[in-house]
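Peer 1: This structure is in structure tokens; I'll ask about it shortly.
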């Protein structure tokens, strides 16, 4: 049971709740679009930057670093390609659900 005290202590925050953890990871459209693109194929930074029209270099750099840290994507330092990891591939279901919703309702 969530009480006022537990809310104050952050019991339902990203530290405890799996939904909150995923929401924190995927909390912006750029992150979702990076994952969408990398689910299709591996890409270099400049290719992602071109694909994500309007994203700043700084924002893309920060989003990629976060996704690498969270092991959703990986970077091959020799080829400079970003790729989706096995863990990241499991997000395809979320991306597909969003695509389906968007096609049907938006």
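Peer 1: Kindly provide the helix-only [θ] at 222 nm of the chain, computed as the sum of -39,500 (n - 2.57) over DSSP H runs of four or more divided by all residues, to the nearest 500 deg cm²/dmol?
Peer 2: Numbers: 7 runs with 64 residues, N = 106.
Mean residue ellipticity, 222 nm, calculated: -17000 deg cm²/dmol.
Peer 1: Extending each Cα 7 Å along its Cβ direction at residue 16 and residue 85, get the distance between those two points in nm, one decimal.
Peer 2: Simple spin-label model gives 2.7 nm for this pair.
Peer 1: Separate question: If the elastic network links every pair of Cα atoms under 10 Å, which of 29, 51, 74 fluctuates the most in the Gaussian network model of the chain?
Peer 2: Residue with maximal mean-square fluctuation among 29, 51, 74: 29.
Peer 1: Which one, 61, 31, 79, has the greatest fluctuation when you compute a Gaussian network model over the chain with C-alpha springs under 10 angstrom?
Peer 2: Comparing 61, 31, 79 in a Gaussian network model of the chain, the most mobile one is 79.
Peer 1: For the residues 99, 36, what sequence is obtained by ranking on other C-beta atoms within 10 Å, fewest first? Don't jump to the answer; show the numbers that get you there.
Peer 2: On the way: 99 11, 36 19.
The order, fewest Cβ neighbours first, is 99, 36.
Peer 1: Using C-alpha positions alone, give me the convex hull volume of the chain per residue in cubic angstrom.
Peer 2: 144
Only the coordinates and a few stated rules stand behind these numbers; no lab work does. Fair warning: this is a prediction, and the values are worked out from it, not measured in the lab. No Cβ is skipped: glycine too gets one built from the backbone with ideal geometry, and neighbour counts run over all protein chains shown.
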